[in-house]
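Contents: one structure, followed by commentary.
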Amino acid sequence: MSDGNRHFVSSEPFNPQQIEALTAEQEKYFLASQWKMMWWRLKRHRLAVASGIVLAIMYFSVVITEFLAPYELSARSEDFLHAPPQGIHFFHEGDFVGPFVYGLDQTLNLETLQREYSVNRDEVQPLRFFCSGDPYRFWGMVEADFHLVCPAEGGTLFLLGTDRLGHDMWSRILYGARISLTVGLIGITLSFILGIVIGGLAGYFGGWVDNLVQRVIEILRSLPELPLWMALSAALPARWSPILVYFGITLILALVDWPGLARAVRSKLLALREEDFTTAATLMGAKPSRVIGRHLLPNFMSHLIASATLSIPTMILAETALSFLGLGLRPPITSWGVLLIEAQNIEAVTLFPWLMTPMVPVIIVVLAFNFLGDGLRDAADPYK
Amino acid sequence: MLNYLARRTLVMVVTLAIISALVFIIVNLPEGDYLSSVIAELESQGENVDRQKIQFLREQYGLDQPLWRQYLVWVGGLLQGDLGFSFELDLPVQDVLGDRIFLTIVVNFFSVLFIYIVAFPIGVYSATHQYSWGDYGLTFLGFLGLATPNFLLALILMYAANRFFGTSIGTLMAPEFLDQPMSFAKALSILEHLAAPVIIIGTAGTAGMIRRLRANLLDELYKQYVVTARAKGLAEGKLLVKYPLRMALNPFIADIGNLLPQVVSGSVIVSIVMGLETVGPPLVRALQSQDFFLSGAVLMFVAVLTVIGMFLSDLALAVLDPRIRLTGGAAK
């Protein structure tokens with residue numbers, strides 16, 4: 001055997017990654033799960049992240065509303081009806097006193113028969129922090145009176161003024177968030193379930209099921225949403241308790257909203273059910289529910305979450321509009337829409353513009369959800 | 001084409017039939033019979049009830065019969081132009097709505113027109129000047145327009161007009177023309193008062209339309225046929241109008257299917273907030289007092305408005321776009 005024909009054999013053990021050795025960074029990227037990559041992608045979208053933080057803060061505030069609000073939901077200051085907002089000051093006549101508000105004096109104008117308020121520059125009312133104030137039942141269960149901030153003893157603290165009955169607007173907006181923000185979440189959960197089940201059936205089975213669902217969707221989408229919502233919520237029995245009405249309204253919101261999601265699910269399923277992995281799963285004896293839930297849905301779950309995020313603001317707005325028109329929630333349940341009922345009278349609004357303040361959180365929430373949803377939609381397809 | 005027209009008409013008629021059933025069921029959902037509760041209330045107040053008249057109404061609209069009979073009577077009436085009877089106002093529904101039906105159509109028509117007229121140039125501008133300051137500014141405005149709900153916008157503008165200009169922007173005509181027959185002066189007054197509501201109703205739609213037209217046009221602008229045309233020396237303006245714009249225009253028209261329900265929805269609530277003389281305000285009142293002939297008629301009218309609008313846009317699209325397949329059978 002001549003030397004020329006001998007093969008070179010390395011004595012080193014075989015290393016398959018010899019040529020394409022990955023750096024730690026590359027490895028992290030290649031091995032990342034889909035959700036991790038979406039998160040990286042989302043983080044680059046500054047506006048979406050900022051909106052997400054704003055929303056997180058707002059939703060967190062809902063948990064501890066009683067503690068944050070200086071007044072209790074139904075607390076009335078009978079002597080201060082339609083009182084203007086009190087600004088927070090730090091310096092009194094050049095001296096630092098810490099956060100405080102000036103007292104309000106009121107006189108009755110006999111010509112216009114209006115109460116007129118003026119700021120009393122001599123009366124300094126320092127704010128108290130982590131204090132005992134209005135008693136409340138935390139989540140309707142535990143009795144407590146601990147607040148983040150309270151007015152001075154015998155003083156007042158109306159950061160956004162008071163309404164016709166002397167309720168503190170700021171406290172009521174905080175309490176209203178509890179209802180307004182959760183309506184969207186519960187509504188979207190219901191509509192999500194309806195959309196996935198109905199769209200899934202239509203897309204997976206096709207044929208007459210698909211045809212029927214398609215027609216129903218077409219009809220629902222050709223109806224203007226708001227009048228439909230109005231008519232349905234007017235049909236809620238008047239003797240229902242406010243809590244039942246609340247769930248009734250979320251159900252109604254979901255009933256009109258699902259076609260959009262169902263349509264998205266259906267079109268994706270139509271494409272995916274022709275894929276080889278679906279056939280493989282079916283041949284191995286998987287039931288339709290398993291094929292849809294285990295093999296098909298995860299493929300476009302991220303898209304669905306993005307579009308669901310984009311429809312939450314629609315629901316929040318719908319609830320606000322319905323309550324504003326007097327067809328939605330009824331007092332004592334307080335949502336931003338219920339608060340805005342007071343702003344319907346344009347004369348009152350001109351005299352007491354702070355009655356319009358519940359609009360501000362509505363617009364912030366709608367904008368934030370839109371930005372977040374946009375960011376999610378861009379991030380939903382991280383392999384692009 | 002004729003075949004397509006016939007098929008599309010059939011679909012529309014079936015859709016309207018189903019919608020009418022849906023509307024009838026919804027307005028009849030509240031428990032109890034309106035007439036009986038009215039009689040009870042009047043009697044408890046010691047007032048005289050005109051039993052003969054109520055009996056007449058009952059028979060006229062078949063209120064003592066099962067629901068499906070009532071539905072048939074109602075639809076039959078609708079088809080013959082009898083919209084029913086408003087028990088609360090003690091008037092036929094036609095008389096309650098009267099001019100409002102026409103004014104609703106006017107408001108919605110002008111809102112859609114406004115959306116197209118404003119969205120078109122702005123959309124084209126932001127697409128051709130992508131990432132310029134103008135584009136950024138307009139995109140931001142669009143976002144704001146999309147996020148501000150129109151009934152809140154109406155409230156804000158009414159407050160601003162009242163506070164800073166001392167005028168009221170509510171209502172659709174000067175007070176002296178209310179309940180007057182239509183005349184040239186009245187039409188002029190209506191046109192003057194239309195501006196504010198049309199802008200308020202149209203804002204959200206305009207913002208959405210701009211975004212879609214911009215995206216569509218951007219997809220087309222960098223395609224090869226555009227490059228080819230440019231390489232052959234076609235002037236920029238002519239190039240834009242001749243090729244990519246025409247391609248981007250189809251979705252623009254097809255989109256009326258999404259736009260119309262949104263505009264009609266918006267016009268209802270804005271009308272209620274601003275007190276416009278459209279079908280919006282009677283709808284809320286009727287829903288609150290369970291005056292079901294009135295609310296049913298308004299809901300039906302609003303649905304007919306959108307369905308017919310979509311029908312017309314489908315026809316326009318079929319004429320404009322030769323790629324639309326007029327024969328049945330979807331490609332799978």
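The values are calculated or read from the model by the stated rules, or taken from the named source; none is laboratory data. Bear in mind the structure is a predicted one, so any value in this text is a computation, not a measurement. Every residue, glycine as well, gets a Cβ built from its backbone with ideal geometry; the counts of neighbours run over all protein chains shown. Remember, those area values only see protein heavy atoms, side chains included, never the ligands or the DNA or RNA. Shrake-Rupley method; radii C 1.70, N 1.55, O 1.52, S 1.80 Å.
Would you check which residues across the stretch A:222-239 are more than 7 Å from chain B (Cβ to nearest Cβ) and within 16 Å of B:Leu259 (Cβ to Cβ) and list them? Those that are more than 7 Å from chain B (Cβ to nearest Cβ) and within 16 Å of B:Leu259 (Cβ to Cβ): none in the stretch A:222-239. Which residues, counting only those in the stretch A:125-161, are outside any strand (DSSP E or B) and closer than 16 Å to A:Thr65 by Cβ? A:Trp139, A:Gly140, A:Met141, A:Leu159, A:Leu160 - these are the residues of the stretch A:125-161 that are outside any strand (DSSP E or B) and closer than 16 Å to A:Thr65 by Cβ. Keeping to the stretch A:149-166, report how many residues are farther than 17 Å from A:Met359 by Cα and either of a type outside the set (Phe, Trp, Tyr) or free of Cβ contacts under 8 Å to residues at least 60 places away in the same chain (or both). Selection size over the stretch A:149-166: 12.
Within the stretch B:126-137, the set of residues being in a helix (DSSP H, G or I) and farther than 9 Å from B:Arg214 by Cβ comprises B:Thr128, B:Trp133, B:Gly134, B:Tyr136, B:Gly137. Taking the stretch B:62-90 as the range and being within 23 Å of B:Pro282 (Cβ to Cβ), polar (S, T, N, Q) and surrounded by 13 or more Cβ atoms within 10 Å (Cβ to Cβ) as the test, the residues that pass are B:Gln70, B:Ser86. Quick check on the stretch B:138-164: of everything there that is closer than 14 Å to B:Arg214 by Cα and of a type in the set (Phe, Trp, Tyr), which residue is most open to solvent (accessible area, probe 1.4 Å)? Within the stretch B:138-164, the match that is most open to solvent (accessible area, probe 1.4 Å) is B:Phe140.
Condition check ((1) in contact (Cβ under 8 Å) with a residue 40 or more places away in the chain; (2) open to solvent by less than 20 Å² (accessible area, probe 1.4 Å)) across all residues:
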| site | (1), (2) |
| --- | --- |
| B:Arg212 | yes, no |
| B:Asp219 | no, no |
| B:Tyr222 | no, no |
| B:Gly233 | no, no |
| B:Val284 | no, yes |
| B:Ala303 | yes, yes |
| B:Ile308 | yes, no |
| B:Ala316 | yes, no |
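Restricting to helices (runs of 4 or more DSSP H) lying wholly in the stretch B:188-301: which have 1 or more residues that are aromatic (Phe, Trp, Tyr)? Result: B:224-231, B:244-254. Scanning the stretch A:352-363 for residues that are more than 9 Å from chain B (Cβ to nearest Cβ) and open to solvent by 10 Å² or more (accessible area, probe 1.4 Å) returns A:Phe352, A:Trp354, A:Thr357, A:Val360, A:Pro361.
Of all residues in the stretch A:117-175, those that are open to solvent by 20 Å² or more (accessible area, probe 1.4 Å), of a type in the set (S, T, N, Q) and under 27 Å from A:Ala343 (Cβ atoms) total 1.
Looking at the stretch A:215-233, is at least one residue touching a Leu at 6+ places or on another chain (Cβ under 7 Å), among the hydroxyl-bearing types (Ser, Thr, Tyr), assigned to a helix (DSSP H, G or I) and open to solvent by less than 10 Å² (accessible area, probe 1.4 Å)? Checking the stretch A:215-233: at least one residue is touching a Leu at 6+ places or on another chain (Cβ under 7 Å), among the hydroxyl-bearing types (Ser, Thr, Tyr), assigned to a helix (DSSP H, G or I) and open to solvent by less than 10 Å² (accessible area, probe 1.4 Å). Sub-6 Å Cβ pairs linking a first residue in the stretch A:229-241 that is on the phi < 0 side of the Ramachandran plot to a second residue that is open to solvent by 30 Å² or more (accessible area, probe 1.4 Å) and aromatic (Phe, Trp, Tyr), at least 6 apart or interchain, number zero. Can we say A:Thr112 is exposed (fewer than 11 other Cβ atoms within 10 Å of the Cβ), among the β-branched types (Val, Ile, Thr) and not in a strand (DSSP E or B)? Judged against the criteria, A:Thr112 is a match.
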